[in-house]
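Input: a single structure, listed below in structure tokens.
Derivation of every value follows stated rules applied to the coordinates shown; laboratory data play no part. Just so we're clear, the structure is a prediction, and the values are computed from it rather than from any experiment. Note that each Cβ is placed from the backbone with ideal geometry, even for glycine, and that neighbours are counted across all protein chains shown.
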Amino acid sequence: MSVPLPLPDGRVVGAIVWRDGRAVLRKQVDSRRHQLRRPPAWAIAEAHLELLEVEGGPSALVELEDERQRRWTATVEDFRRHGFPVERSGFEPQVALALAHWGLIDPAARQLPLPLEAAR
């Protein structure tokens, strides 16, 4: 089951899904177009964040996947504790969270072998 997340103009930009009993707001983003530059941050529509909080409480997760298949993750609590309001002309009210407060999973990042593994 998923709950679509429409903008005021009707375009659906993401969905709330459930994973392992936890509400997760999933959204595809393009960092070149969607990421704030000053300060570097991702922003979510305030209405979508409120809906996620109603559905899943403070531990509900926001998960953004960018054009490089990197996943950015933060909880509703992270947004409430460290987020800041963003009002941009032509956009709905948003809450932004600086990149320092996001978890990042990058599938392109390679883990180097430990010295013991390299010696085998």
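Counting charges near Glu63 (Lys, Arg +1; Asp, Glu -1) among other residues having Cβ under 10 Å from its Cβ returns a value of +3.
Whole-Hz Karplus values for the range 67-83 come out as 5, 9, 6, 7, 10, 9, 10, 7, 8, 4, 4, 4, 5, 5, 7, 10, x Hz, taken residue by residue from phi with 6.51 cos²θ - 1.76 cosθ + 1.60 and θ = phi - 60°; glycine and proline positions read x. P(r) tail for the range 18-89: Cα pairs beyond 18 Å make up 39% of the total.
Mind sorting Trp18, Trp42 by how few other Cβ atoms lie within 10 Å of their own Cβ, fewest first? Numbers along the way, then the final one.
Working: Trp18 14, Trp42 24.
With the sparsest Cβ surroundings first, the list reads Trp18, Trp42.
The magnitude of the dipole of the chain, with charges of +1 and -1 set on the Cβ of Lys/Arg and Asp/Glu and taken from the Cα centre, is near 460 debye. Relative to the dominant Cα principal axis of the chain, helix 46-56 is inclined by about 70°.
Order of Glu92, Glu53 from fewest to most other C-beta atoms within 10 Å?
Lowest count first: Glu92, Glu53.
Near Val17, once Lys and Arg are set to +1 and Asp and Glu to -1 for all other residues with Cβ below 13 Å from its Cβ, the sum equals 0. Among the listed values (1) 9.7; (2) 9.0; (3) 10.6, the one matching mean projected area of the Cα convex hull in nm² as calculated from this structure is (1).
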